[in-house]
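The values are calculated or read from the model by the stated rules, or taken from the named source; none is laboratory data. Everything numeric here is computed off the predicted structure, so don't read it as measured data. For neighbour counting, all protein chains shown are included, and Cβ atoms are generated from backbone atoms with ideal geometry for every residue, glycine included. Accessible surface is based on the protein model in full, side chains and every heavy atom, while ligands, DNA and RNA are left aside. Shrake-Rupley method; radii C 1.70, N 1.55, O 1.52, S 1.80 Å.
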Amino acid sequence: TGGIPGTTEKRTLWWKERHNEDHLFGAVVGKTRRTKVDVFDEDFLKKGWTEDTLEYGVIQSYVESDTPKSGTTWIANQTWGIEVVDGERRYTRHVKFTGPHGEDIECRLVYDYLGPL
């Protein structure tokens, strides 16, 4: 974590807005669901997934700043699922971030599985 404390993310997959005060990102509004990739316009959010992820759907997390409370405006639209990375099935997140000055950032997070906790 680089010394930054983690954030607890309690999510439900019913696509209803939830307000949260995040210690890193400030006041945010988010919603989460399982959905098929054909609902997305951006190729980055819908490409690269395994056949079973495409069949059952990705998890979409859509979070934006709560501008009246935070004083800034940004959007993070993410898809989560399984990809094959270097020949291994890996949990990944595709993050499409639009910043307060119109920045357009795309990144892929690849997670390691370390076994049961």
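Is it the case, given these coordinates, that R89 is more than 22 Å from I4 (Cβ to Cβ), part of a strand (DSSP E or B) and open to solvent by 100 Å² or more (accessible area, probe 1.4 Å)? Judged against the criteria, R89 is a match. Within region 94-117, the residues that satisfy the criterion of being open to solvent by less than 80 Å² (accessible area, probe 1.4 Å) and in contact (Cβ under 8 Å) with a residue 24 or more places away in the chain are H94, K96, T98, G99, P100, V110. In contact with a helix residue (DSSP H, G or I) (Cβ under 8 Å, 6 or more places away or on another chain) and over 21 Å from T8 (Cβ atoms) - does that describe any residue in region 96-107? Within region 96-107 (the criterion being in contact with a helix residue (DSSP H, G or I) (Cβ under 8 Å, 6 or more places away or on another chain) and over 21 Å from T8 (Cβ atoms)), the answer is yes, since at least one residue qualifies. Quick check: anything in region 40-61 within 26 Å of P5 (Cα to Cα), of a type in the set (A, V, I, L, M) and within 17 Å of the chain's Cα centre (by Cα)? So far as region 40-61 goes, yes, one or more of its residues are within 26 Å of P5 (Cα to Cα), of a type in the set (A, V, I, L, M) and within 17 Å of the chain's Cα centre (by Cα).
Those strands (runs of 3 or more DSSP E) of region 15-66 in which at least 2 residues are modelled with pLDDT of 95 or more, considering only elements entirely within it, cover 26-35, 58-65.
This table checks each residue for (1) surrounded by fewer than 16 Cβ atoms within 10 Å (Cβ to Cβ); (2) out of contact with any Phe, Trp or Tyr (no Cβ under 9 Å at 6 or more places or on another chain); (3) in contact (Cβ under 8 Å) with a residue 12 or more places away in the chain.
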{"residue": "I4", "(1), (2), (3)": "yes, yes, yes"}
{"residue": "L45", "(1), (2), (3)": "no, yes, yes"}
{"residue": "G57", "(1), (2), (3)": "no, yes, yes"}
{"residue": "I82", "(1), (2), (3)": "no, no, yes"}
